[in-house]
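The block underneath contains the structure these notes are about, expressed in structure tokens.
What follows is calculated from the coordinates using simple rules that are stated; it is not laboratory data. Model, not experiment: these values are computed from the prediction. Methodologically, a virtual Cβ is constructed for each residue, glycine included, from the backbone with ideal geometry; neighbour enumeration extends over all protein chains shown.
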Amino acid sequence: MNHTRWKLAREKKAAGEQVESAEVAAERAEIRLAMAFAKAVYDRRKDLGLSQAELAERAGLTQAKISRVEGADAVPTLPLLRRLAHALDASLNIALGEDHEEVGFVARSAA
């Protein structure tokens, strides 16, 4: 999209007109979810006082992979989610609704 079309789209959106296609809206939702997961990993890692390298070692991953996850550049698989939750000593909660998405780690309580 060239600058002129971008400016027009921005003005239409400001005026309350729908300019975003369903495909673009879906892509935007996927990006928000990836960013929410990345933030959850980062926040939990920081809460534990771990470096990316330390988390990677705990999870059996590379530091580069942790960096990609925290940068929302990697699409996590179910096994990766399990490894990260275990390495972060937490349960991973993901709530997906039609208009609300939430990702968070809940620390395991000492039993």
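Before moving on, here are some points about what is shown:
- Of all residues in the range 93-111, those satisfying the criterion of being under 29 Å from residue 25 (Cβ atoms), surrounded by 10 or more Cβ atoms within 10 Å (Cβ to Cβ) and out of contact with any Phe, Trp or Tyr (no Cβ under 6 Å at 6 or more places or on another chain) are 93, 94, 96, 101, 102, 104, 105.
- The set of residues from the range 44-68 being exposed (fewer than 12 other Cβ atoms within 10 Å of the Cβ) and closer than 15 Å to residue 90 by Cβ comprises 46, 49.
- Residues of the range 75-101 classified as within 13 Å of residue 41 (Cα to Cα), of a type in the set (D, E, K, R) and under 12 Å from the mean Cα position of the chain (by Cα), total: 0
- Residues of the range 30-42 satisfying the condition of being exposed (fewer than 14 other Cβ atoms within 10 Å of the Cβ) and touching a residue at least 24 places away in the same chain (Cβ under 8 Å): 31, 32, 35
- Helices (runs of 4 or more DSSP H) enclosed by the range 11-74 - at least 1 residues per element that are among the polar types (S, T, N, Q): 52-59, 63-70
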